[in-house]
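Coordinate-derived values only; no laboratory data. These figures come from a predicted structure and were not determined experimentally. Using ideal geometry, Cβ is built from the backbone for each residue, glycine included, and neighbour counts are taken over all protein chains shown.
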């Protein structure tokens, strides 16, 4: 069954507070700005039983853009949202609500047991092992908005028989003037990436209040010698925060790792200082 509930149109700041009851991590103002994208929210629950009689449920709470300046810009931001956040590439028509329906359906299809006549690759067998109950929770909200930039946060959690097994946070920052997603190569000059990588390592040591990289291993971190910038980041008015998922640089018990670099510390390595000066 599929249940959708439309909420009233909300501004970006109100969306953050009403959905999550916490302050905006970017520190943006809560005052309404008519030049900002207007948003709406949808809550949905999709559930099916597959051939193994496993109950798979998708619960989603999604804040999505409805209007920005005019129809062309509205179509542009909705297309970015659908492609990058909902993983839907077809942009022949922009019906964002239908795309959210499709997104929920695609998640169910990805996790249900395949028909008995389909061959399962040996490496995928763990993903398709029968589970009496599988709950997949998705929350999409706004992490930053202002000065022609908007960043969405997609929080995902999977629970098998009520126990959390996977938790991730993905961040997507869009340049609303160019209607493109901002990648780390748009911010950091490639010839200075190694210097920024070293700053990441030093900042992680500082955050953990230790002096030696070997102590990081004792805490549960690994592969620190290869620690590098990632496209999973969000911006604040004073810094860029890199987010690493569990198992990416640390064990699952430590959860996700955030490493914050102040713009003042990486100013010499920025490709376009004006981009961050306007935050």
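Below, the figures for the structure above:
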{"item": "Sorted by Cβ density within 10 Å, fewest first, the residues 243, 63", "result": "243, 63"}
{"item": "Ranking of 170, 71 by count of other Cβ atoms within 10 Å, fewest first", "result": "71, 170"}
{"item": "Inter-site label distance for residue 195 and residue 274 at 7 Å from Cα along Cβ, in nm", "result": "2.2"}
{"item": "Fewest-first ranking of 183, 41, 228, using other Cβ atoms within 10 Å as the exposure measure", "result": "183, 228, 41"}
{"item": "Residues in the stretch 52-79 reached by a label modelled at residue 106 [backbone nitrogen below 14 Å; 7 Å Cα→Cβ]", "result": "79"}
{"item": "Gyration tensor (alpha-carbon) shape descriptor, the stretch 184-277, a/c threshold 1.5", "result": "prolate"}
